[in-house]
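**Student:** I am attaching a structure below and will ask some questions about it afterwards.
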Amino acid sequence: MIVPFLVLALGMASEPEPTVEELLRGTDDLTRGSQSTGRAEMHVKTRRYERTVVMDMWSKGTDRTLVRIVSPARDAGITTLKVEDNLWNYLPRTDRTVRVPAGMMSGSWMGSHVTNDDLVNDSRLSEDYTYTVKERPEGDDGRWVIELSPTESAAVVWGKVVATLGADRLPREIRYYDGRDALVRTMTWSDVKDFGDRRIPSRFRVQPADQPEEFTEFRYLKLDFETPVPDRTFSLQSLKR
Amino acid sequence: MPILLIMAWRNLWRHGRRSLLTALAMALGMAMSMSIISMYDGMFGIMRTLMIDQLLGHVQITHSAFPTRRGLYDTLHHADELLSRLDALPQSRGAVARVHGQALLGTEHRSAGVRLVGVEPSRELAVTKVQDTVPSSLPGGVDPGRFLADEPAREIVIGYDLARDLRVALGDELVAITQDAYGGIGNEVYTIVGLTRSGDEAMDRAGAWLHFSDLQALLALDDQVHEVRILAASDAQDVVGGLLDALPGALPDGLIQDDDATAAISPWWDIDPMAAQMMEMRGIAQFMVLVVVFGLVALGVINTMLMSVLERTRELGVIKALGLRPRGIVWLVLYEALLLSLLAAGIGTLLGAGLIAYLMTIGIPMDVGEGEGIGFGGIVFPSRLYGGISVEAFVEPILGVVLSALLAALLPALRAARLHPVDAIRAE
Amino acid sequence: MPIVTVRGLSRTYTRGEHKVHALREVDLDIEAGEFTALMGPSGSGKTTLLNLIGGLDAPTAGSVVVEGTDLAQLSAGARSDLRRERLGFVFQAYNLIPVLSAAENAEFVLALRGVPAAERRERAHAVLAQVGLKGLEDRRPGQLSGGQQQRVAVARALAGNPAVILADEPTANLDSTTGHDLIELMRELNTRDGATFIFATHDPKVLDAARRVIRLVDGEIDEDNRK
Ligand SMILES: Nc1ncnc2c1ncn2[C@@H]1O[C@H](COP(=O)(O)OP(=O)(O)OP(=O)(O)O)[C@@H](O)[C@H]1O
Ligand SMILES: [Mg+2]
């Protein structure tokens, strides 16, 4: 969730003509050292249920993120810590910290259409994939369409990823395909807003291709890039607050 | 009384000792088969209790996808309504609703993937024998505790073997973590109140019982259940069949709320064909025993009757000459075998009844260590097996001894019938 | 009309390649009420002839007609029926059914015919009295002397009121007085009740009692004398 959301959102370097690599990879460099504090609302609709989860989040660079559920009451206090490739959940009701095992990484995060893997792996988008530019904008018109194919060595789940960015270099859409070139899901960004001195899309939606009536949508309620986030926020001790 | 019957009876006592010895051998065979049937009654009684009362029920009602997928969402709604309708069916002894789930269950140090079964203890007590899964004692004096209380109290009953794997004891707390129906992380702390040793290996090694309200809460299932199982008023095929016929009409509207699913009504033999096969094996095994035992009995009868016919060749010739048709001669010999077998049946019934009484009260020790009995097809038998009693245990051996004697006597009887009177009378 | 008509009756036994002509084209008529003795040396065919008349054996050639019924036309079962309904037999020995009492033996044929128990019991007692065995009705054969046993056999043969009673050497196993008494008894039954007897014997003394004596030699009728 947060990661493709932030990584691409923050990737708006304003050099006159970025290389594709800069377009994607530069985002990593930019976010490294950056920090954010925010509150988001996640709306999940599936065939089985529909619910809204409000969460507070802290991040530092692309490697460290902490998310704490605020509501609904049943899940309030459940906290997810991501440090590099590791993911932990803290369960206040039973006072347990559970590391998400490798086998569960492709499972859903909090019942949404975002997987645990998404939280961890998308930070390495530019490392695991080679890319070709399919379209580039003419001045302020048009868009970037970049196709990413996994490198031989990459252990990734997607057969192909197609990212679309506006001429403003803000992300618009990423389509994920499986090994047989069938669309699996689409992520879209919209509702560009100013948060402090940054302009970023405030809405992010995941749409699974095989369940047209299902989706997960994130919306930033607050986002702040100024408040300092101390390193100890991202420790197992602080999971329990 | 027909003269042939009188002759047959007196012929039997012409060689009283030989007849008695033959009858005794037949009676021993009969008593033996009665004991074996009694042991089968005992063992298959345990299997039946376990399989039907504890594991399967006679019939299960589920979401049509549940039997294969066992999905969290493959649920039934309005289970209360369904249960009260089922209670009213004459073919039903009672019904219970159950919730099923999978969870990571453990302590800070150890955990295991476990099958959770949610039950309503007060209802189960009247219908299934799930309370009996907590035995009265465990090896090494371990206290098995008790089954769940009637009201939900975050109690858990786990398999004895699972408890050993997790190194936990009665009174310890266990945390269950699972994905709930909203995709959230269902988690809860439960106190161990009982340990099961039911003979159902799957549950004893990796299963746990919860109050179904507790499990519904853990899984965020509201008041849905996964399964309603019904026990028929008896095992008889026509009662279970009648129940199966009556069930579709008893299902309330809105039981299944998935558009692409229906209610599945599955008899136990469909749910667990292996179990059904195992129960059927009883019939085959019992039949084999009867065939072997009464095959031997028949050999003895053939021998005795052949001797008896040969000795009386001349007499039979005279009787034929006097005008008894060959069919009459056959009857004369068959009557003799019949009376012999009835005599044997009388002795055998007394002998067999004594043996059955012994097997029912004293039983046979079958300890393979640690107070455990032999394991067979996912079932662990107790360390002392007791015989059972059934009408079958008497009827089948009695029929067996009589029919085998008649069948065996047919050969000597036909031989006697074919005797040529002139040759027979001349015979030395 | 004779009760028994025998025409051209032959019986040939085959022993390996050897043929034994036990009877050769015998013609014979037995009238009702006759008391006929079959005489002749051993192997002359007496038993063979009695067996053929009694339907116990099948002839090689010729016919036996009993009361108008040609035995050759009957199935084995029907021949059984004929023996039971119309003939009486007295054999040389082992005549009686050892497990039955004298009375039961006497009523055996009646029982096979399905005569009600009370009626046949009455008849059995009557015939036993006729043969002089009153009071011995409940004895088993083993508890009777040889002569008494043969009397029971005669009583049994008599009980069914047969057309003919066939007796094959009924006195052979008896001492001469007892044998003589038995023949006397049969003779008496013949004269008093008109029972028809054909019996084979070696005993020359019996000849005195017989009203008709047929002498067989080598399977042929050598002499046939009516007194
Ligand atoms: N079953 C048989 N097989 C072969 N030969 C036989 C058979 N029965 C009788 N015979 C022969 O037929 C002949 C006539 O025998 P049968 O018994 O009729 O004589 P019999 O006059 O009754 O003699 P006996 O006075 O010894 O009783 C004899 O030569 C005998 O050996
Ligand atoms: Mg003779």
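The values are calculated or read from the model by the stated rules, or taken from the named source; none is laboratory data. Quick caveat: nothing in here was measured; it's all calculated off a predicted structure. So basically every Cβ, Gly included, is an ideal-geometry build from the backbone, and we count neighbours across all protein chains shown. Only protein heavy atoms, including side chains, enter the accessible area calculation; ligands, DNA and RNA are left aside. Shrake-Rupley method; radii C 1.70, N 1.55, O 1.52, S 1.80 Å.
**Student:** Given the criteria more than 16 Å from ligand 1 (Cβ to nearest atom) and either within 14 Å of another protein chain (Cβ to nearest Cβ) or surrounded by 14 or more Cβ atoms within 10 Å (Cβ to Cβ) (or both), does residue C:3 qualify?
**Tutor:** Yes.
**Student:** Within the range C:79-91, is even one residue in a loop (DSSP other than H, G, I, E, B), within 8 Å of another protein chain (Cβ to nearest Cβ) and not small (Gly, Ala, Ser)?
**Tutor:** Checked against the condition, which is being in a loop (DSSP other than H, G, I, E, B), within 8 Å of another protein chain (Cβ to nearest Cβ) and not small (Gly, Ala, Ser), the range C:79-91 yields at least one hit.
**Student:** Do the conditions hold for residue A:238, that is, is it touching a residue at least 12 places away in the same chain (Cβ under 8 Å) and part of a helix (DSSP H, G or I)?
**Tutor:** So residue A:238 fits the description; yes.
**Student:** Could you tell me which residue of the range C:133-169 is farthest from the other protein chains (Cβ to nearest Cβ), considering only residues that are closer than 30 Å to residue C:116 by Cβ and within 16 Å of ligand 1 (Cβ to nearest atom)?
**Tutor:** Looking at residues that are closer than 30 Å to residue C:116 by Cβ and within 16 Å of ligand 1 (Cβ to nearest atom), I get C:167.
**Student:** So, one more: Quick one: would you say residue B:91 is among the polar types (S, T, N, Q) and in the same structural domain as residue B:119 (by TED's automatic domain parsing)?
**Tutor:** It is true that residue B:91 is among the polar types (S, T, N, Q) and in the same structural domain as residue B:119 (by TED's automatic domain parsing).
**Student:** Also: Can residue C:55 be described as surrounded by 22 or more Cβ atoms within 10 Å (Cβ to Cβ), away from ligand 2 (no atom under 16 Å from the Cβ), within 13 Å of another protein chain (Cβ to nearest Cβ) and not in a strand (DSSP E or B)?
**Tutor:** Taking the combined requirement at face value, the residue satisfies it.
**Student:** For the range B:170-180, name all the residues that are more than 7 Å from every other protein chain (Cβ to nearest Cβ) and either open to solvent by less than 10 Å² (accessible area, probe 1.4 Å) or part of a strand (DSSP E or B) (or both).
**Tutor:** B:173, B:174, B:176, B:178, B:179, B:180
**Student:** Then there is this: When the range B:403-428 is examined, which residues are found to be under 30 Å from residue B:34 (Cα atoms) and surrounded by fewer than 20 Cβ atoms within 10 Å (Cβ to Cβ)?
**Tutor:** B:403, B:406, B:407, B:410, B:411
**Student:** Which helices (runs of 4 or more DSSP H) does the range B:1-93 wholly contain that include 1 or more residues that are within 30 Å of residue B:350 (Cβ to Cβ), within 14 Å of another protein chain (Cβ to nearest Cβ) and aromatic (Phe, Trp, Tyr)?
**Tutor:** Once the helices (runs of 4 or more DSSP H) in the range B:1-93 are filtered for at least 1 residues that are within 30 Å of residue B:350 (Cβ to Cβ), within 14 Å of another protein chain (Cβ to nearest Cβ) and aromatic (Phe, Trp, Tyr), what remains is B:3-12.
**Student:** Just one of A:234, A:215 is surrounded by 18 or more Cβ atoms within 10 Å (Cβ to Cβ) and within 20 Å of residue A:81 (Cβ to Cβ); which is it?
**Tutor:** Going through A:234, A:215 in turn, the sole match is A:234.
**Student:** Determine whether the range B:122-133 contains at least one residue that is open to solvent by less than 10 Å² (accessible area, probe 1.4 Å), touching a Lys or Arg at 6+ places or on another chain (Cβ under 6 Å) and not in a helix (DSSP H, G or I).
**Tutor:** no
**Student:** Surrounded by fewer than 24 Cβ atoms within 10 Å (Cβ to Cβ), more than 13 Å from chain B (Cβ to nearest Cβ) and under 17 Å from residue C:195 (Cβ atoms): does that describe residue C:130?
**Tutor:** yes
**Student:** Taking the stated definitions as given, is residue C:181 open to solvent by 20 Å² or more (accessible area, probe 1.4 Å), more than 16 Å from ligand 1 (Cβ to nearest atom) and modelled with pLDDT under 90?
**Tutor:** In short, yes.
**Student:** Mind checking which residues of the range C:10-52 are more than 16 Å from ligand 2 (Cβ to nearest atom), under 21 Å from residue C:83 (Cα atoms) and not small (Gly, Ala, Ser)?
**Tutor:** Across the range C:10-52, the qualifying residues are C:28, C:29, C:30, C:31, C:34, C:35.
**Student:** Please verify whether residue A:67 is within 30 Å of residue A:196 (Cα to Cα), open to solvent by less than 40 Å² (accessible area, probe 1.4 Å) and modelled with pLDDT of 90 or more, treating the condition exactly as stated.
**Tutor:** The answer is yes for residue A:67.
**Student:** Follow-up question, since we're still on this one. So is residue B:115 at pLDDT 90 or above, of a type outside the set (Val, Ile, Thr) and in the same structural domain as residue B:129 (by TED's automatic domain parsing) or not?
**Tutor:** Yes, satisfied.
**Student:** Mind checking which residues of the range B:194-224 are of a type in the set (A, V, I, L, M), buried (at least 20 other Cβ atoms within 10 Å of the Cβ) and away from chain A (no Cβ under 14 Å)?
**Tutor:** Correct list: B:195, B:203, B:208, B:210, B:215.
**Student:** In addition: Out of C:69, C:14, C:47, report the one residue that is within 14 Å of ligand 1 (Cβ to nearest atom), polar (S, T, N, Q) and away from chain B (no Cβ under 13 Å).
**Tutor:** C:14
**Student:** Could you check the range C:92-104 and list, in sequence order, the residues that are facing chain B (nearest Cβ under 9 Å) and assigned to a helix (DSSP H, G or I)?
**Tutor:** C:104, the sole residue that qualifies.
**Student:** Which is more than 29 Å from residue B:15 (Cβ to Cβ) and either surrounded by fewer than 21 Cβ atoms within 10 Å (Cβ to Cβ) or modelled with pLDDT of 90 or more (or both), of C:135, C:142, C:147?
**Tutor:** Matching residue, one of C:135, C:142, C:147: C:135.
**Student:** Sort through B:154, B:164 and tell me the only one that's within 14 Å of chain A (Cβ to nearest Cβ), surrounded by fewer than 21 Cβ atoms within 10 Å (Cβ to Cβ) and modelled with pLDDT of 90 or more.
**Tutor:** Only one candidate passes the filter, namely B:154.
**Student:** Which one of the conditions (1) open to solvent by less than 40 Å² (accessible area, probe 1.4 Å); (2) within 10 Å of chain B (Cβ to nearest Cβ); (3) under 24 Å from residue B:422 (Cβ atoms) does residue C:76 fail to meet, given that it meets all the rest?
**Tutor:** (1)
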